[in-house]
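Read through the structure below, which is laid out as structure tokens, and then see the notes.
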Amino acid sequence: MKILTFSGIVLAFSASSALAQTTHSIDHSGMHMSVSQMEDAVHATAVVNSISEGSANVSHDPIPAIGWPGMTMDLPLLADAQIMGDVAQGDKVTLMLLKGTDGMYAIGAMMPN
Ligand SMILES: [Cu+2]
């Protein structure tokens, strides 16, 4: 059973995003992903700017393992993502990103730092 509760989270853009080095946005709307299809989990420290039912906007630190610079971006939030504790806008978290067969990364877990 999955229970995602994001009560109290304001869907507003955090001022901290202004600190990000670059900004991009990826359309993942056509993505179909299952856990069995995933590979190459990576972890990253990030600040959550906003979070909603299917995605989160984060400003993440550089992720050398996959060659990403630090940036602000929207990432899909998997339907079965594991959210450890309460995560609110502006919180610093560790993300576990899972790679789908399409090569795109999505948030598989999020835990407050
Ligand atoms: Cu990014």
Enumeration of residues in the stretch 82-113 that are in contact with a Gly (Cβ under 7 Å, 6 or more places away or on another chain) and not in a strand (DSSP E or B): A88
Any idea which of A79, A44 is in a strand (DSSP E or B) and modelled with pLDDT of 95 or more? A44
Is it the case that some residue within the stretch 13-32 is more than 11 Å from the ligand (Cβ to nearest atom), modelled with pLDDT of 95 or more and small (G, A, S)? no
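Table: residues versus (1) buried (at least 19 other Cβ atoms within 10 Å of the Cβ); (2) on the phi > 0 side of the Ramachandran plot; (3) within 14 Å of the ligand (Cβ to nearest atom).
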| site | (1), (2), (3) |
| --- | --- |
| E53 | no, no, no |
| H60 | yes, no, yes |
| W68 | no, no, yes |
| M84 | no, no, no |
| G90 | no, yes, no |
| K99 | no, no, yes |
| A106 | yes, no, yes |
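The values are calculated or read from the model by the stated rules, or taken from the named source; none is laboratory data. The model shown is predicted, which means the values in this text are computed figures rather than measured ones. FYI the Cβ positions are ideal-geometry reconstructions off the backbone, even for glycines, and counts take in every protein chain you see.
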